[in-house]
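Okay, structure first, notes after.
All of the numbers you see were taken from the coordinates with simple rules; none came from a lab. All figures in this text were calculated on a predicted structure; none of them were measured in a lab. Cβ atoms come from the backbone with ideal geometry, glycine included; neighbour counts cover every protein chain shown.
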Amino acid sequence: MANDIEKKPSSSTTAFKIIIGITLMLAGGYLNSQHTFKSIEEPLAAQGIPLTFGNTISVIGVFLILFPVLNSFFFAPLMTAINERNRELENTFSEAESLRKEMGDMKSAYEKRISDTEAEAREKIQAQLKEAQDLRTQLMADAATAKEHMIAQAQEEISREKDKIMNELRVEVVNLALGATEKLIGENVNNETNKRLVQEFIEKAEVPSK
Amino acid sequence: MLDLIFRGSFIASGAAAGGESHAADAGHHAVSYTGVMVYVGFVIAILIVCMVLAKKGLNNRFFKNKITASFEQLYYFIENLAVGIIGPHGRKYIPMLMVFWLMIFVSNLVSLFFDTAPTADLGFNLAMALMAIGYVQWEGIRANGVIGHFSHFAGPKLTGALIGINFLIFPIEIISEAMKNLSLTLRLYGNIHGGHQAVTAMNKLGEPWVPVGAFLLPVKLLTCVVQALIFCLLLCVYIGLVTHHEHEEGHAHDDDHGHEDHSATLEPEASPA
Amino acid sequence: MNAPFALGLAALGVAIGLGMIGAGAMNGMSRQPEAIGKLQTAMLIALAFVELVFLLTVFVGMGALPK
């Protein structure tokens, strides 16, 4: 029967169907004009069922023609157009989707790079800060040691200077004492024994001043 | 002018006269052969014109052409119907369903404005029903083989003494299969022709001045759509029933639903009761 | 006089049946809005079958109507 609704009906079957359809149309018209089915139709019509079989046969023929003709004339192009358009749209959508994905990837990579750079910079700054602090503490320690060293040196020098001056003072005092004693006594006491005596005395006298 | 409105027609169908001799006594106007054929040609001409107009808009990326867009919507609608009811392999029936839908819908629309229409003629409807059911049988034979298809009519597989039941079921199923033709035919005819009858009957209420029947137009428009939908829907259901078997042979499938639609009919009624 | 009355009775029964189908479908739809598509399909099929009963009645009874 209406076997014509395949995707690609071959042209020979289409032609065959069209021929059969035309034949059926003509046959329906002919049979109707001959009142072939009058014996069935009249009782039905009396029942209120106005059925004409000639119409039926002809309409079957019309439909047999109509199926392949409409299919190849309009429905096949319509379906291909719709499917093609849908595929195109799908392609566009998937393309956009992939582009968006790519952009997202790029964005996340960029963000990652930025954050990496930031972290690196922070790290570097931290390292520099730490280094500077280290340097500061080291410098401070250095300075402190240098200060102490200098203080010690200065104190040493002072004491040395003091000692030297004291010695010189002592020698001077001895000499003065001897000179004064000489003049007092009028004789030379500037011998070794006297000198030692005075020295000892001065050393004894010196003790409380120290 | 008023007279034309009263008759619900803008063109006096010259065809009506031929049929009156057949069934005038029953109050029916069987349209003559040429009359129906003129109307069929008219409907086909409308379709072809629409398609020619729609074909121009096919090349755009988006169908800007209104007719093309509506054909596209129709395509999606039918695709939903076919794929939803028949299954994924229902896609190949779309062109056929579209031909049926368009023919029925356009002739129903024609019946709104003219005295008669192809779908208001029993012969036309019977032809469509015969083609539809014949195609269903053909598809069933192609899917299940001749024996498989006809053994489906015998109901569930029974053994032993119960096998007699199969012989009882078989003629009933064959009759119900034949009645599908009749039901498809009469439903369409009754709705469209009954619409005309109702319009003429209601026109008699306000005979001289008010065409009361014209107020039925919205209901009739609804009927147009629903009838085209139901024809295609039932065709889908029938095709789905005969072609489902190839996928789920082993299952305990719809053999017990064998009488498919009637069970579907009963269910909504049974629940309130 | 009997035939029109009988047709009226048929119309009454069919109207009740159609109403019940509609009510059932509406109930189901309101309970499960996601199943509306399937329910509508089933409802339309059911409507078609009930309607057919009335059409058959009309065709059978039409011959008996008074002319």
Which one, A:Ala119, A:Ser72, A:Ala132, is farthest towards the positive end of the dipole of the range A:62-210 when Lys and Arg carry +1 and Asp and Glu -1 on their Cβ?
A:Ser72
Taking beta carbons within 10 Å but only from partner chains, what does the mean come to for residues A:29-39?
1
Rounded to the nearest 0.05, what FRET efficiency do A:Ile202 and A:Ser159 give with R0 = 25 Å and r taken as the Cβ-Cβ distance? Could you check?
0.80
222 nm mean residue ellipticity, helices alone, for chain C (DSSP H n ≥ 4; -39,500 (n - 2.57); rounded to 500)
-30500 deg cm²/dmol
Which net charge results when you count Lys and Arg as +1 and Asp and Glu as -1 among the other residues whose beta-carbon is under 13 Å from that of B:Asn108?
+1
Applying 1/(1 + (r/R0)^6) with R0 = 60 Å to the Cβ-Cβ distance of B:Asn80 and A:His149, what FRET efficiency is obtained, to the nearest 0.05?
0.05
Rounded to the nearest 20 Debye, what is the dipole magnitude of chain A about its Cα centre when Lys and Arg each give +1 and Asp and Glu each give -1 at the C-beta?
1020
Lysines with Cα under 23 Å of B:Lys180, excluding same-chain neighbours fewer than 8 positions away
B:Lys92, C:Lys38
About its Cα centre, the range B:53-193 carries a charge dipole, from +1 on Lys and Arg Cβ atoms and -1 on Asp and Glu Cβ atoms, whose size in debye to the nearest 20 is 620
If you take the beta carbon distance between A:Leu89 and C:Asn27 as r and set R0 to 45 Å, what does 1/(1 + (r/R0)^6) give as a FRET efficiency, to the nearest 0.05?
0.70
For B:179-189, mean number of other protein chain Cβ atoms within 10 Å:
3
Ranked by how many other beta carbons lie within 10 Å on average, peptides A:154-164, B:183-193 from highest
B:183-193, A:154-164
